[in-house]
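S.K.: Dumping the structure here so I can ask a few things about it.
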Amino acid sequence: MEVASRVAPLLAVVVLAGAWGRTLNGVVAAVVGLLLVAAVLAAVHHAEVVAHRVGEPFGSLVLAVAVTVIEVALIVALMASGGAKAETLARDTVFSAVMITTAGIVGLSLLSSTLRKPIVRFNSEGAGGALATIGALAVLTLVLPSFTTSSPGPTFTDGQLAFAAVASITLYLLFVFVQTVRHRDYFVAPGSDDEDHAAPPTNRTAFISLGMLLVSLVAVVGLAKTLSPTIESAVLSAGLPLSFVGVIIALVVLLPEGIAAVRAARIGRVQTSLNLAFGSAMASIGLTIPTIAVAQIWLPTGLQLGLGPVQIVLLALTLFVTALTVVPGRATLQQAGVHLALFAAFIAVSVAP
């Protein structure tokens, strides 16, 4: 794994240099797609190494931020190229990220853990605080634009967008402070023993992984930008709505996060799984919206952030169900099934709105 995680990003960068600015045929597009997935997996591996070095809850934070950097860069790169999907791409991707993490990743993590142990426990203070922040961020940035009247359509005025951006980054940074400084114990499983981890990597290994992580991020963003016309054509050819491009982007960038969360849940670290899922959802909104707001200065397209009625209902139901899951500080197979049902509903309405 170690050798593959170092070779894959370097190979991806080489292929990126050769494919940049060219039209890809079927075979080349397939190769680029495989290298994209390999670069994503390499990115999360190196992020995990760095995370292991710094420990929890900093480790979950490193993974969440790394994944969000990929997501933000992809959104900005694709919006810069314009096109019919550009105005709603940020909204579709962020909403997809929230649903994938709070319904899909949480559901799979709980399923993985409750199949081994009937009742799993976690720290409700940390999970509840994270979910409250996600709810506030989602409503302020994705729901409110559908009801404001100062600008036509599901959009913000420049002043409203600036407020949403400042509020988003402020809430996110406040959460990071609470998670890593003020109430760090809230994000560690009750009664857990941090000494049962494997020995952390050396500083040299961690710095090498940090460098490879940066290379992987560059490769992922570049390959996804190169592959985006092929993805859009495939979505339209399959008769799917153009908004499904945002779902695909979110699925690609959150794949390694999901793998890491399920892997943690399988060995009994449900708290780590929730930290990963909620941290990614929060970072997806708290970092993406401010970045897009600043990028609007030079992006050649408008920005529609407001969700439609179906998406708003699904978001509200997911936040409500997730609150009922985290408040008791324990979960069973029932909660896993409910979350996975919501994730299936999200995929269903994304395919056929």
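The values are calculated or read from the model by the stated rules, or taken from the named source; none is laboratory data. As the structure is a prediction and not an experimental result, all values here were calculated from the model. Cβ coordinates were reconstructed from backbone atoms using ideal geometry, including for glycine residues, and neighbour counts include every protein chain displayed.
S.K.: Failed condition for Ala29, given (1) farther than 23 Å from Thr68 by Cα; (2) modelled with pLDDT under 80, with all others met?
M.R.: Of (1) farther than 23 Å from Thr68 by Cα; (2) modelled with pLDDT under 80, only one is false for Ala29: (2).
S.K.: From the residues in segment 203-244 that are in contact (Cβ under 8 Å) with a residue 12 or more places away in the chain and assigned to a loop (DSSP other than H, G, I, E, B), which one is surrounded by the most Cβ atoms within 10 Å (Cβ to Cβ)?
M.R.: Restricting to residues being in contact (Cβ under 8 Å) with a residue 12 or more places away in the chain and assigned to a loop (DSSP other than H, G, I, E, B), the top hit is Ser243.
One line per residue, one yes/no per condition, for (1) aromatic (Phe, Trp, Tyr); (2) over 18 Å from Leu287 (Cα atoms); (3) touching a His at 6+ places or on another chain (Cβ under 6 Å); (4) at pLDDT 85 or above:
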| site | (1), (2), (3), (4) |
| --- | --- |
| Ala64 | no, no, no, no |
| Ile105 | no, yes, no, yes |
| Arg121 | no, yes, no, yes |
| Thr133 | no, no, no, yes |
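S.K.: Would segment 161-168 turn up any residue that is without any contact (Cβ under 8 Å) to a residue 24 or more places away in the chain, under 18 Å from Val313 (Cβ atoms) and surrounded by fewer than 20 Cβ atoms within 10 Å (Cβ to Cβ)?
M.R.: So far as segment 161-168 goes, no, none of its residues is without any contact (Cβ under 8 Å) to a residue 24 or more places away in the chain, under 18 Å from Val313 (Cβ atoms) and surrounded by fewer than 20 Cβ atoms within 10 Å (Cβ to Cβ).
S.K.: Tell me, which residue of segment 245-278 that is more than 13 Å from the chain's Cα centre (by Cα), among the aliphatic types (A, V, I, L, M) and under 19 Å from His45 (Cβ atoms) is surrounded by the fewest Cβ atoms within 10 Å (Cβ to Cβ)?
M.R.: Ile267
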